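Have a look at the structure below, then the notes.
Derivation of every value follows stated rules applied to the coordinates shown; laboratory data play no part. This one's a predicted model, so the numbers in the text were calculated from it and none came from an experiment. Note: ideal-geometry Cβ built from the backbone for every residue, glycine included; neighbour counts use all protein chains shown.
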Amino acid sequence: QVQLVESGGGLVQPGGSLRLSCAASGFTFSNYAMSWYRQAPGKERELVASITRAQNTNYADSVKGRFTISRSNANNTVYLQMNSMNPEDTAVYFCYVRRNWINYWGQGTQVTVSS
């Protein structure tokens, strides 16, 4: 069964950095695009970044130039490096994969940007 397990969230000061990880299992990781989403309190879940099988990347305008998505097919892991963070980045961050027309989500990891 598909499993996505996020880690790396926490509290960070404005201007700081965090690196999220998502360990995937239960499918052939290298064959699928992977994404990070986030959901802030009272807001809809939104796409943050995605990376294809060929390592092509896509970012939300709000994080371009600050966040970097990457993947390690050897470790079945997708990463999100977050720099120059601001309070608007506060949210629960979710790892996502769509496989065989089914959406799979991790349990989420809380990221809080506050002084």
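What nm distance separates the two modelled labels at A54 and R66, each placed 7 Å from Cα along Cα→Cβ?
Computed distance between label sites A54 and R66 equals 3.0 nm.
Separation between the E46 and S115 pseudo-spin-labels, each 7 Å from Cα along Cα→Cβ, expressed in nm?
Going by the 7 Å Cα→Cβ label model, 2.3 nm.
For the chain, what is the charge dipole size about the Cα centre, in debye to the nearest 20, if Lys and Arg each add +1 at the Cβ and Asp and Glu each add -1 at the Cβ? All intermediate terms of the calculation are to be shown ahead of the outcome.
Details: 10 positive and 6 negative charges, 59 e Å.
Value, rounded to 20: 280 debye.
Between W101 and S84, what is the spin-label point distance in nm, taking each point 7 Å from the Cα along the Cα→C-beta axis?
4.3
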